Amino acid sequence: MEGHVEYVKLLAGIVFLLGALIGLHRAWNYHSKIQGVGRSISKKLLVSLILFVLGILSTIADSVTEGSLWGLQGTFYTLSYLLVFFTLFQALQVLASPSFRLYSPEKTQKQIPLTGGHIIETSPSPLTFRILRDVSYGLLVVSRRPYDKWIESTGIKPDKFIWLSRTGLGDAVDPSKLHILHNEIVSFLERRKFACVYLEGIEYLTLYNEFPSVAKFLFSLKDSALINNSLIIIQLSRGILAPQAESILSREFHPITEEILLKEFLKGLPERKKTELVFREVLMSMEKRGEESHASTEGSKERSGAGKEKAEETQPLRREEATEE
């Protein structure tokens, strides 16, 4: 048996096997931390490395046996290379998509203007949401409203959306499962860095959880935001919670107005981008007012037409009454 051993091929196979196993270990570590479309890409890379390892094992086996295993080696190596190319093209497709802004050239600043946690009493305008999304490296929205209702009211598509609901549908998270909601938000912050989280529906969370649990959940999110140079904004109207609960939250989450929020974030934009955003918001507001005015006019016409028809119907009756007299 010893006369058939190809030592050069065997040594090369062992060296490549060690390298492939190290690569497989690192790929698995990345895979366990990645979510979303990146997880699909990392999974394909893992499969490719496993096929490559099988190809190396067949090479080692071929170096110590009399029979030829070139067919097996060719199959494993070819499949591995094809999968690598497919994975690379998928990654390029994601990077080229308009929705991918994680490393957008427009984001030249190294950090967002505000970090940590803040409370805002009223829901911000669409312009504010657009700036939060464009200046940061990602906007996550947690809301009691479904995704389509959110888009309809704001016109803004966040990078990630979580619906506080017990329906069990796609983007819904059960409000009683704070640990799942916590993991989703923290995972987003760790992946994106310099991100913004907007959370509304705190009172809804307190319906399914004791306030101390909700407070601990929010304090932990604030710590994660600070660690990842990110911002978490809680929308909470005054008087929704008990005064003691509001006092506890306001000590950790500093109250902020939309005007101050806009002022701080507009500092991080170049003048051209700032003008473009404001101008776009003005146009959208004018268009919305025009639609409302048109709808109001149509309604008035319908009411006027109905009144006219009613008047015409009553005229013959009045003439008949006059004739009888």
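The values are calculated or read from the model by the stated rules, or taken from the named source; none is laboratory data. Note that the structure is a prediction, hence the values are computed from the model and not measured. All Cβ positions, even for glycine, are placed from backbone atoms using ideal geometry, and neighbour counts span all protein chains on display. Each accessible area value is taken on the protein alone, full model and side chains, heavy atoms only, with ligands, DNA and RNA left out. Shrake-Rupley method; radii C 1.70, N 1.55, O 1.52, S 1.80 Å.
Return yes when G36 is modelled with pLDDT under 85, open to solvent by less than 80 Å² (accessible area, probe 1.4 Å) and closer than 30 Å to I185 by Cα and no when it is not. Outline the logic, then answer.
Values: modelled with pLDDT under 85: yes; open to solvent by less than 80 Å² (accessible area, probe 1.4 Å): yes; closer than 30 Å to I185 by Cα: yes.
Answer is yes for this residue.
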Restricting segment 124-153 to residues that are buried (at least 20 other Cβ atoms within 10 Å of the Cβ) and of a type in the set (V, I, T), the one farthest from N228 (Cα to Cα) turns out to be T128
Inset, instruction - Consider K157 carefully, then state whether it is open to solvent by 50 Å² or more (accessible area, probe 1.4 Å) and touching a helix residue (DSSP H, G or I) at 6+ places or on another chain (Cβ under 7 Å). - result: yes
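Would you point out the residue of segment 224-252, among those that are touching a residue at least 40 places away in the same chain (Cβ under 8 Å) and assigned to a loop (DSSP other than H, G, I, E, B), that is surrounded by the most Cβ atoms within 10 Å (Cβ to Cβ)? Can you show your working first?
First pass over segment 224-252, keeping only residues touching a residue at least 40 places away in the same chain (Cβ under 8 Å): 225-226, 229-238, 249-250, 252.
Then keep just the ones that are assigned to a loop (DSSP other than H, G, I, E, B); that gives 229-230, 236-238.
Details: N229: 17, S230: 30, L236: 23, S237: 14, R238: 11.
The qualifying residue surrounded by the most Cβ atoms within 10 Å (Cβ to Cβ) is S230.
Considering only residues that are of a type in the set (D, E, K, R) and either under 21 Å from L46 (Cβ atoms) or open to solvent by less than 30 Å² (accessible area, probe 1.4 Å) (or both), which ones fall in segment 58-80?
Step one: list which residues in segment 58-80 are of a type in the set (D, E, K, R), which gives 62, 66.
Answer for segment 58-80, where residues must be of a type in the set (D, E, K, R) and either under 21 Å from L46 (Cβ atoms) or open to solvent by less than 30 Å² (accessible area, probe 1.4 Å) (or both): just D62.
Touching a Leu at 6+ places or on another chain (Cβ under 6 Å), of a type in the set (A, V, I, L, M), open to solvent by less than 60 Å² (accessible area, probe 1.4 Å) and at pLDDT below 85, is that true of A27? Full working, then the answer.
Working: touching a Leu at 6+ places or on another chain (Cβ under 6 Å): yes; of a type in the set (A, V, I, L, M): yes; open to solvent by less than 60 Å² (accessible area, probe 1.4 Å): yes; at pLDDT below 85: yes.
Yes: the conditions hold for A27.
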